[in-house]
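Asker: Just dropping this structure here.
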Amino acid sequence: RRVAQLSDRGQGRGGGLRMAMVLVDDSPAAAAAIEYAANHVAAAGEPLYLVHVCVPNPIVVAGGPGAGLLVEQVHQENQQKRQEAKEFMAEVKKTALQIGVENPHCTVLISDPGAGHGSVGNLIREYAESKGVHTVVCGSRGLGGWKRNLWAVVGLGSLSEYLVNHLHCNVVVVKSPQQVAQPTGSKGAGAEGAPPAAKTD
């Protein structure tokens with residue numbers, strides 16, 4: 001899947017606006033990521049891209065009686081997913097405005113059906129590059145190393161780890177307040193290489 005070409009407004013180079021992007025879902029860490037970006041990354045008046053990735057269910061149905069009905073059911077479920085994603089982002093925009101984000105741009109990206117963290121990460125990379133994003137902020141799922149390796153076997157490993165390794169811009173991984181309050185070998189930092197999200201003003 002290709003994304004739109006880089007716009008003049010989003011170059012972020014040679015005097016253009018410096019764009020920041022936050023990946024959001026319904027997790028506490030994602031909410032902390034928005035607040036962190038508003039306080040530490042997004043400058044006054046600059047756009048802040050809030051991006052949610054919707055992953056449709058794959059249609060894998062063997063032939064035989066009822067196959068067509070099952071395909072239609074999955075199709076309807078995916079349409080519902082897309083609608084719920086739009087409604088979710090409308091609420092995210094309200095939240096962002098309430099915490100002081102001046103110029104939130106909300107976007108829903110649709111991945112390939114059943115996409116794992118690699119495909120989703122590549123979709124995010126293409127979108128970030130198309131907007132000239134200089135910093136991507138995302139929440140930490142709080143998985144230990146063995147859990148990340150286990151999920152990676154089925155293509156559901158750490159998205160934040162993929163982004164750190166594959167994006168050519170800054171990537172900030174923010175922990176939820178619960179993770180900061182109960183760190184597991186992390187000294188309680190709220191964001192990797194950055195001030196704790198729980199201590200922002």
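The values are calculated or read from the model by the stated rules, or taken from the named source; none is laboratory data. Source: prediction; values computed, not measured. Here the Cβ is made from the backbone with ideal geometry for all residues, glycine too, and neighbour counts use every protein chain on show. When the accessible area is computed, the model is the full protein with side chains, heavy atoms only, and any ligands, DNA or RNA have been set aside. Shrake-Rupley method; radii C 1.70, N 1.55, O 1.52, S 1.80 Å.
Asker: Please name all residue pairs, on different chains or six or more residues apart, with Cβ atoms under 7 Å, provided the first residue is in region 95-116 and is within 15 Å of MET21 (Cα to Cα) and the second residue is open to solvent by 70 Å² or more (accessible area, probe 1.4 Å).
Answerer: GLU102/ALA44; PRO104/LYS93; PRO104/LEU97; CYS106/LYS93; VAL108/LYS86
Asker: Sticking with this one: Go through region 59-100 and report how many residues are small (Gly, Ala, Ser) and either assigned to a strand (DSSP E or B) or at pLDDT 90 or above (or both).
Answerer: Number satisfying all stated conditions: 3.
Asker: Do you know which residues across region 30-58 are in contact with a helix residue (DSSP H, G or I) (Cβ under 8 Å, 6 or more places away or on another chain) and at pLDDT below 85?
Answerer: Result: PRO47, single match.
Asker: Say we look at region 166-177 and pick out the residues that are closer than 14 Å to ALA128 by Cβ and without any contact (Cβ under 8 Å) to a residue 60 or more places away in the chain; which of these is surrounded by the fewest Cβ atoms within 10 Å (Cβ to Cβ)?
Answerer: It comes out as HIS168.
Asker: Going through region 101-129 one residue at a time, which ones are assigned to a strand (DSSP E or B) and either crowded, with 20+ Cβ neighbours inside 10 Å or not aliphatic (A, V, I, L, M) (or both)?
Answerer: Matches in region 101-129: PRO104, HIS105, CYS106, THR107.
Asker: From (1) at pLDDT below 50; (2) loosely packed, with under 15 Cβ neighbours inside 10 Å; (3) in contact with a Leu (Cβ under 8 Å, 6 or more places away or on another chain), pick out the condition that doesn't hold for TRP151.
Answerer: Only one criterion is unmet by TRP151, namely (2).
Asker: How many residues are within 16 Å of ALA20 (Cβ to Cβ) and either at pLDDT 95 or above or of a type outside the set (A, V, I, L, M) (or both) when one looks only at region 117-127? Even if it seems obvious, please write down each step before you answer.
Answerer: Narrowing region 117-127 to residues within 16 Å of ALA20 (Cβ to Cβ): 124-125, 127.
After this cut, where a residue has to be either at pLDDT 95 or above or of a type outside the set (A, V, I, L, M) (or both) as well, the list is 125, 127.
Qualifying residue count, region 117-127: 2.
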